[in-house]
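Coordinate-derived values only; no laboratory data. Bear in mind the structure is a predicted one, so any value in this text is a computation, not a measurement. Positions of Cβ are generated from backbone atoms using ideal geometry, with glycine treated the same way; all protein chains shown enter the neighbour counts.
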Amino acid sequence: MKWYTYLNYRIYNYYDKRQDSPVISSLLTMTLLAFINVFSIHTIYSFITDFWTVQKLLPKYKIIITFSIIILILIHYFLFYHRRKHINIFKEFKENANKYRKWNFLIKLYIFGSIGVCLITLIIVDLRNHNFELYFLK
C-alpha cells in the first residue's frame, strides 16, 4: 500500500507544478490507471481461459464501465483526499524524499507498462475480432 500511496504522491506532485487543481487531475489519473489495469487483467484472463471465442459486449456495457469508474473514483477519493488526508500523507514523502527516490524508476515503469500492456491487449483483441487479418497488407 505504501508504494501505491507513493505513486499517488508522484502523480499529485506532477500536477501540482502544472495546474491549479492537482487533486482532481491526480484523482482521475489514478482512476484511469486502475481501470486500465483491471481491464487488461480481465481481458488477459479471457485470453487464457478461451482464446478463440470472440466475446460479445454485454448489452449495458456503458453503464457497467461508468459504474466501475465511479466506484474507483470514490475509492481513491476516500483513501487519499477525503478531509484533506493527502496533506499529511504526502508530507512524509516530501520530508523523506531521498529514502523513496529509488521508487521513481518503478513508478515510471508501472505507468508506461500499464499503458503498454493495455495497448497490446487492445491490438490482440482487434486482430482476434477480425480473424487475424492484417488490413494493411491487402
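General observations
- Loop chymotrypsin sites (Phe, Trp or Tyr not before Pro), segment 27-112, which have at most 14 other Cβ atoms in a 10 Å radius of their Cβ (DSSP): F51, W52
- L28-I69 pseudo-label distance in nm [points 7 Å out on the Cα-to-Cβ vector]: 1.0
- Loop-located trypsin sites (Lys or Arg not before Pro) in segment 1-81 (DSSP state other than H, G, I, E, B) with a sparse environment of at most 12 neighbouring Cβ atoms within 10 Å: K17, R18, K56, K60.
- In the chain, lysine pairs with alpha-carbon atoms under 27 angstrom apart (chain gap of 8 or more, or interchain): 24
- Degrees separating the helix 22-49 axis from the principal Cα axis of the chain, which is the longest one: 30
- Degrees separating the helix 2-16 axis from the principal Cα axis of the chain, which is the longest one: 80
- Pairwise label distance in nanometres, R84 with K62, each label 7 Å out on the Cα-Cβ vector: 4.0
- Among T53, T121, T31, residue whose mean-square fluctuation peaks in a GNM of the chain (springs only between Cα atoms under 10 Å): T53
- Computed from Cα atoms, the angle from the helix 85-95 axis to the main principal axis of the chain rounds to 70 degrees.
- Annotation: extensible slack from Y110 through D126 equals 3.4 nm (criterion: 0.36 nm per residue apart, minus Cα-Cα distance).
- Extended-chain gain in nm, criterion 0.36 nm per residue less alpha-carbon gap, A97 and K17: 27.1 nm
- Multiplying each eigenvalue of the alpha-carbon gyration tensor of the chain by 5 and taking the square root yields semi-axes of 35, 18, 13 Å, largest first, rounded to whole angstroms.
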